Each structure stands twice: as structure tokens, then as C-alpha cells.
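Values in this text are rule-based calculations from the coordinates and carry no lab data. This is a predicted model, so every value here is computed, not measured. Virtual Cβ from ideal backbone geometry, glycine too; neighbours counted across all protein chains shown.
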Amino acid sequence: MRQSLIVVQAIVVLLCSLQFSGLAQADAEKTSRKTHETTLKNGLKIIVREDHRAPVVVSQVWYKIGSSYEQAVTGISHALEHMMFKGTPNHPAGEFSRIISKNGGRENAFTGRDYTAYFQILEKSRLPVSFELEADRMRHLTLDPEEFKKEIAVVREERRMRTEDDPQSLVFERFQATAFLNGPYHNPIIGWMDDLHQMSVEQLRDWYLRWYAPNNATLVVAGDVKPRKVFKLAEQYFGDLPAYSPEQKKTASLPAIIRKELPQNGQRRIIVKTPAKLPYLIMGYKTPVVKTAEIAWEPYALEVMAGILNGGDSARIPKNLIRGQQIAASASAGYDMYDLHNNLFMFDGTPTQEHSIDELEKALKEQIHDLQETPVSEDELKRIKAQVIAAQVYQQDSAFYQAMQIGQMETIGLDWHELDNYVKQVRAITADQIQQVAKRYFTDDRLTVAELFPLPLEGNTPHGHGGAAHGIMR
């Protein structure tokens, strides 16, 4: 009787997952048909995603510039993001945010390794307000020296609170710098403190003139809008902006020099000693992403593998290491397939009081070894695929997230249509392919390990993550 019930349950799970996957693929294709794009004469690309479920519009401007482009001065992309709210001749410092708030909207910005983006969320009739303000600061930023002095002090304090006084963030920063010795992901997005002390407004102005131009930007609009009206409105506000100003031409012709990461010739390890309550472990294996993969299916196999290890309470890490063996008080695994350069498949965690960092590392490696040696069962693979696809599809309920996905893809040099392939590619992954990527990429010669060795707090509790005006995506 029990065996029959299990068989019936397995059949139900299979049918539900197949039905959901089919619906998800159909939904992706339907959404794609509601997406339209054009490019203005000055090079500004505009992508509009129709979503008429609520009378709201999301407007995002994405620039192809982030910390991975920085060579001489680190943190300059993020510092410039802060200064973008500090005024133009038409709109003095602080007026941008006041206008958006007056119109019932919300706005903010974030800097990543490969992009900087600015966004507003407004009632749909207020879209011209967003366009007028963004077009103004795209080419007419004031960059007042006195405002810069105040704002760079804010950035330095943000670094202190978010990194230097946060043990796990500090370890993550050192981990990244160890895993990437000379490549574009070596430096922290917020920059090294020494650079933040030496940065000048003149350097910031050069950076702005070089990178902030229509032909280095993508405008993404999602929500209750009609594409033709959005294109006409964008032409009205952005169409006359020059691709390059005379000052920018002096540097714009110089290509960004992106250093290739040196081959890793062996395992790398660091120990970071800092006041903290608990030890902490980070492990990372160098892996390809969709943009860089020589074998197209590999990033999708890594994506499914991340789900197997950490896709909910029934995944292997929480099931085996947290609840089962109780080696980890917390542990996780993660992989981001949409980056400009090769990245890391990462693990992190904190051991329980009865266990050590070494035992936690060994236990995580045993989970990897099991994937290398034993093919994932058909039932587990189907269940995880359904969960991975569901997580992706449910995010489409948000117009903001839809715009985020499109903007990220376009800014790292991938056509947004690649998003339509996600469900199909995930569904096609086999147990053998997961085993292949586990064997190929999860080797000691690709591994970097960082350990937080907690020193006594001595009455000084480290700060948590501080809240600055704008965001950093690490």
C-alpha cells in the first residue's frame, strides 16, 4: 500500500512539473511578444516591456560602467552614482528626489561590477517626469567640489559600516581579492579606502564625461504603457543629447583595458582575523557564465546544481548539513549565470558550536564529491528543475524585476531574448551534464577558501550593514 502511494505521488509530481514547465515556457514566449525595442540616432537603446496589471511604470537607465572597468581609481563608479543626485544647472542638489517624491514615486540607484543603474517607480502618467530628470543628468551633471567633499565622506562611512565593521563582508572582500588576483572582479565595488581618500572631483568628472552618454546606456521601461508612446516620449527628452561632448572625445576613443584573470595554478587560502562572534567560511570555484561559456549548456547545468544543493528546505545542504548531521548552523551555495566575466560558484557557512570550520569545509566538499560520483536521481532532478523554473517565473510578477533582468542582460552584452531560453535550457539539463560540470569545475586548482578567525570583541560589537542613500550590488 505504501509503495503504491509513493508511486502515485511520484507520477503526480512528474505531471505537475511537466505541466508547469510547459506553461512557464509559453508564458516566457508570451512576455517576449510584449517587449519592444528601438535605438535613437544618438545610440540610446530603449526597451519597453508591457505589463498592464497595475497603473504603474518602472523606468530604469543602465550605463555600461561599474567596478570591473576601474583601473587607476577604485570605487569611482559608485562615487559617481552618489553624485548623480547632487544637481544640474536646471535642478539643484536634492531637487531630483523631491520632484519624484512630490509625484508620488520612489527612486534610487545601484552600482554593480558591470553596470550602474538608476530607477524610478511612478504612476504611469508621470513617466515624463522621470525622462526629463534622467535626460538632464545624463549630460549636464554639475559635480560641485563642495558637494563632492560631503558625499565622498558619506561613501567612506558607508564603507566603514558595510565592510570594515562587518566581519563577514570584510572576509568576502578579501576572498574576492584572493580569488581574482588581477582580473576585473578583484576590486570591491565601493573601492579601497585609500582610493576614497585620494579621489578628486576632477577624476570623477573625467569618468562621467567618458561613460555617461546615450550610446553607452540602455533605457528600460516596464509597466502599464504603450511602446509607441514611450518611444516618442524618449525621443522628445533624450533625442537631442549628443553621444559625445567635445571634452569626452578626448578620452572616449580610448577603449577600456580589461585585464584577463591569470590562470589559477593551485588552491588559494586566506585567514582573516578580526573581532567577531562566530567563525565563517567561504569557498569559491571558478566557473563560466552564459556570456563566456564555450559550451552553452554548462551555465544552466550549474544553475540546476545550485538548486540541488541549496534550492529550498529539501535541498541537500539544509537537509544534510543543517538538519541532518547538524554540522552547520547556517550554510548555502549560490551561482550567478549572468555576469560579464567568468565568476565563482560559491559556498559559505558557519559551523555549529560542536563542530569546526575544517569539519564544515569537509562536509561541503562531500556534497560536491557526491554530485561528481553519483548521478542525480530522475525524481530529484525533476523536482529541482520545477523549483528552479518556478523561482524564475514567479519573479516575473514584478514589473521592476522584469526591467532589472532586461537591463542587466543588455548591459553585459547579452540580448534580452536570451531570457526566453531559460526554461527550455533548464528543462534540457541531464544528470550526466550535472556530473560533468561538477567534475570539470569543482577541483582544487579552481578553489579559493577564506576563513574568518574570530578575535575577542572586547566590548566592541561590529556594526551590521549600514543603510546609505543608494545601493551596491556585490
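Given a Förster distance of 51 Å, report the FRET efficiency between Glu132 and Lys277 from their Cβ-Cβ distance, rounded to the nearest 0.05. The pair Glu132/Lys277 has a calculated efficiency of 0.55.
For Ser330, the residues 5 or more places off, or on other chains, whose built amide H falls under 5 Å of its own are Thr350.
The stretch between Leu455 and Arg228 holds 75.7 nm of extra length on full extension. This uses 0.36 nm per residue minus the Cα-Cα distance.
The slack in the chain from Ser125 to Asp240, taken as 0.36 nm per residue of separation less the alpha-carbon distance, amounts to 39.1 nm.
Normalised by the number of residues in the chain, the mean separation of alpha-carbon contacts (under 8 Å, six or more apart) gives a relative contact order of 25 percent. Considering only Cα-Cα distances, which of the following residue pairs are longer than 25 Å: Lys86/Lys232; Lys291/Lys385; Lys64/Lys385? From the list (Lys86/Lys232; Lys291/Lys385; Lys64/Lys385), the Cα-Cα distance tops 25 Å for Lys86/Lys232; Lys64/Lys385. DSSP beta bridges confined to the range 268-464 are antiparallel in about 70 percent of cases. To the nearest ten degrees, helix 431-441 and the longest principal axis of the Cα atoms of the chain are 70 degrees apart. Remark: the His140-Glu95 segment gains 14.8 nm on full extension, using 0.36 nm per residue and subtracting the alpha carbon distance. Taking GluC sites (Glu not before Pro) across the range 306-375, the ones in a DSSP loop with at most 13 further Cβ atoms lying within 10 angstrom of their Cβ are Glu354. For the range 347-355, 3J(HN,Hα) computed residue by residue from phi via the Karplus equation (6.51, -1.76, 1.60; θ = phi - 60°) reads 10, 8, x, 10, x, 5, 4, 7, 10 Hz, glycine and proline entered as x. Taken one residue at a time, the phi angles of the range 373-387 give Karplus couplings (6.51, -1.76, 1.60, θ = phi - 60°) of 9, 10, x, 5, 5, 4, 5, 5, 4, 5, 5, 5, 4, 4, 5 Hz. Gly and Pro are set to x. Projecting the Cα atoms of Pro318, Thr350, Gly334 onto the charge dipole of the range 268-464, computed from C-beta unit charges around the Cα centre, puts Thr350 farthest toward the positive end.
Using the Karplus relation 6.51 cos²θ - 1.76 cosθ + 1.60 with θ = phi - 60°, the per-residue 3J(HN,Hα) values for the range 296-303 come to 4, 7, 4, x, 6, 5, 5, 4 Hz, with x marking Gly and Pro. The shape of the range 268-464 can be summarised by an equivalent ellipsoid whose semi-axes, obtained from the alpha carbon gyration tensor, come to 30, 21, 17 Å from longest to shortest. The alpha carbon centroids of the range 344-391 and the range 46-85 are separated by 34 Å.
A DSSP coil position with no more than 12 other Cβ atoms inside 10 Å describes none of the trypsin sites (Lys or Arg not before Pro) in the range 295-389. Taking every DSSP bridge with both residues inside the chain, close to 75 percent are antiparallel.
If R₀ is 60 angstrom, what is the calculated FRET efficiency for the pair Trp297 and Asn103, using the beta carbon separation as r and rounding to 0.05? Plugging the Cβ-Cβ distance into 1/(1 + (r/R0)^6) gives 0.85. Summary of the geometry: the range 94-127 and the range 268-295, compared by the centres of their Cα atoms, lie 33 Å apart. Rounded to the nearest 0.05, the FRET efficiency derived from the C-beta distance between Asp379 and Thr443 at R0 = 41 Å is 0.90.
Summarising the label geometry, the points placed 7 Å from Cα in the beta-carbon direction at Thr38 and Gln395 lie 3.0 nm from one another.
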